[in-house]
1. Between Glu252 and Arg137, what length in nm is gained on full extension when 0.36 nm per residue of separation is reduced by their alpha carbon distance?
2. Quickly estimate the mean residue ellipticity at 222 nm for the chain, helices only: each DSSP H run with n ≥ 4 gives -39500 (n - 2.57), and the total goes over all residues, rounded to 500.
3. Which value, in Å² rounded to 10, gives the accessible area of Met515 with a 1.4 Å probe and all protein chains present?
4. Quantify, in whole percent, the carbon and sulfur part of the accessible surface of the chain (1.4 Å probe; protein heavy atoms only).
5. Which length gain, in nm to one decimal place, applies between Ala179 and Asp479 when the Cα-Cα distance is subtracted from 0.36 nm times their residue separation?
6. Classify segment 72-124 as rounded, prolate or oblate, taking a ≥ b ≥ c as the square roots of the eigenvalues of its Cα gyration tensor: rounded when a/c is under 1.5, otherwise prolate if a/b is larger than b/c and oblate if not.
7. Specify whether the C-alpha gyration tensor of segment 411-463 places it in the rounded, prolate or oblate class, a ≥ b ≥ c being the square roots of the eigenvalues: rounded for a/c under 1.5, otherwise prolate if a/b is larger than b/c and oblate if not.
8. Just check segment 307-466 against the gyration tensor rule for me: Cα atoms, a ≥ b ≥ c as the square roots of the eigenvalues, rounded for a/c under 1.5, and otherwise prolate or oblate depending on whether a/b exceeds b/c.
Amino acid sequence: MSKQPPWDNPARRRSEPSTEDFLLADAEISKHTHAIRKAESRIRELQQLIGEAQREVQHHEHAIESVRSYLTLARRLPEELYTKIFEFCVAADPRPLLPLKLAHVCASWRHAALNSPTLWTRIRVDASKNRRPEYIRHFATHARQMPLYISLTVWRDETAVDDITAALLPYWSQCKSFALDVLSFNCFRCLINTFNLPAPLLNDVDLHVGSAVTTIDEGDDIPRIFDLPVLLPNCGNISLIKLSVPAMITPECIPETLRGLHITLDQPDGIPFSASAVLAILEERQNLRAFSMHTDARVTSLPNDATVNAENLEYLDLEMDPTLFAFLENLIAPKLSHLHLHNRVQLAFGHAETPTSRVLRSLIERSNVAMRSLFIHDCDLNQPTARFICENSPFLETLYLHDTDVDDAFLWDLAKRDGSGRLTMCPSLKKLELRWASRVSGRALVDFVRARNGPVYPPFADEEKIEEIVVISCPFVGDQDVIDIASMTKCRLSSRPGDACRKSDGCCANAQYKMRFRFNHAEALRNRRYPGLLL
């Protein structure tokens, strides 16, 4: 029987180790140390084998990926499809150098991108970011002879402007759309004079003088500064102009052939503004088909009783102090089919008492218009006027009401039919958008859709079904009402990008209601039980 080591003998645990015990301990430690070294050597050998096996696995995985990439659908796509996909990407993405990034992904993408001239037609240059002129030449060269859409922004650093304009000028004759965003009048004058060359394709001009210009010097004659027929005499085919200016322009500033005009007026305090200036443009530029004006300026004078006949005006968008809407009483526009009125005066409670109802009734009576879309935003549209508009708008397709006084009775009138089963109001209505409608109940809205779309009264040939209902911040429209509407047509609970509501406080985001609806109906939404619901 072998002798038990002292460190394993309980009887000797408390005794002092002898010289023999020390020798035994050293031998035991040496034995275990040697065993550890042998085990560590085996571990290193096994780790080496594992590393070799892992590298072999990676090698085979890379080989598999290489084979799969060769067989992938992307390699079998025709170049025309690549081009279409790239065009959608470039149109939706604001990054100016996106075509270059697409061309550096792989050889097939590069070949498709460089052989797609339409990808390179949008030349967006920001001088403050020191955009190098060679990028402009690269884009214009690959665009070949395609029309160019040029955008130039000069806000801070103007040192690179000369190099940029020198790179753009050789391709100016190909320009179809030109956008210029500058901070100062002097820079605007210099650049416009630089581009005073023939541009037979130029159709769309967007000029913006920055909002940092809060004062206008005595020598700054705004009509002379923005006299486009003088500034661009070689561009007689312009049909659409967008102007962001610090003071109102005169009709002489606008080419006679112009068909569309959008004015954003950032007028400093103390500069008078008269509604007659708008009427003068509509009267003297009879070719205008579309006119839009957005401004926070306060009215200083209203027009007299003179009547202006805008024979060809089809689209009118006014976003301003609603007092300025009064000039609509002086307007006759028989072809007007799209009218947008947006109150820019923000009050703490409710909205201002404005002449909207009166001027709308007057405009429809005097012009006998065939309205197709009507947008009323934060205006005092009363219920009798809303009913009058709908009674006299047999072709109305879109009705947008933001914070108006309409109630359930108005919806019942819209769904009313005569003895023969025909709708008595707005038979062409396809889309109804209600926001902040505090007097409309959910049941009335459900009954309205059911009466217009239901099987009881199949629509006549000249009648349309309701294709979409938009309900945002309507306190008496409940979840079940939304579900019932979504079972009959599309029901949207959210605004779209670029929505007509431009308030900074997100009043039409409808975020809390959408979050609560998603929480209460999570399972049904996962199973897509409400296909007509758009959150």
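The values are calculated or read from the model by the stated rules, or taken from the named source; none is laboratory data. Note that the structure is a prediction, hence the values are computed from the model and not measured. Quick reminder, even Gly has a Cβ in these numbers, built from the backbone with ideal geometry, and neighbours come from all protein chains shown. Calculation scope for accessible area: heavy atoms of the full protein, side chains included, ligands and nucleic acids excluded. Shrake-Rupley method; radii C 1.70, N 1.55, O 1.52, S 1.80 Å.
1. Using 0.36 nm per residue and subtracting the Cα-Cα distance, I get 37.8 nm.
2. Only helices count here, giving -11000 deg cm²/dmol.
3. Here the accessible area works out near 140 Å².
4. 53 percent
5. In short, 103.4 nm is gained.
6. The shape class here is prolate.
7. In terms of gyration-tensor shape, prolate.
8. Here segment 307-466 falls in the oblate category.
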